[in-house]
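The numbers here are math on the coordinates, done by the rules we state, and not lab data. Since the model is a prediction, treat every value here as computed from it, not as a measurement. Glycine gets a Cβ as well: all are built from the backbone with ideal geometry, and neighbour counts include every protein chain shown.
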Amino acid sequence: MWNWMMLGLESNRVIGLRIAKLMRGGKAAKREAQRMVSEKMFAAAKAGTSLMAGASGDKIIQQYRRKVAANTKRLSRKRTRRKRK
């Protein structure tokens, strides 16, 4: 039950970070939207495969939590603006 609750809390953070990025618009927002959709499709396929292989619900939630943690880290990084030539 702990993993399920933590996934919900951690996912909330990623949702907020993604919304902020999407609201800024531009190429970065477009890439993020595409990445979000492809990640979800891949994660669902991986979860289905794991489930068919006999993984427990907790194991599958742990897989999702690792991905959510990676997204939080990536989206939380401060980006430096590159100078245009």
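Listed values, structure above:
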| item | result |
| --- | --- |
| Relative compactness, the chain, computed as alpha-carbon Rg over 2.2 N^0.38 Å | 1.28 |
| DSSP H segments from the chain that extend 15 Å or more along their own axis, Cα-based, with Kyte-Doolittle mean of -1.0 or above | 2-24, 26-52 |
| The chain: relative contact order in percent, alpha carbon pairs under 8 Å with at least 6 residues between | 45 |
| Residue 23 paired with residue 2, simple spin-label distance in nm, labels 7 Å along Cα-to-beta-carbon | 3.4 |
| Spatially close lysines, pair count over the chain: Cα under 22 Å, gap of eight or more or interchain | 25 |
| Extension gain (nm, one decimal) between residue 43 and residue 31, 0.36 nm per residue minus Cα-Cα | 2.5 nm |
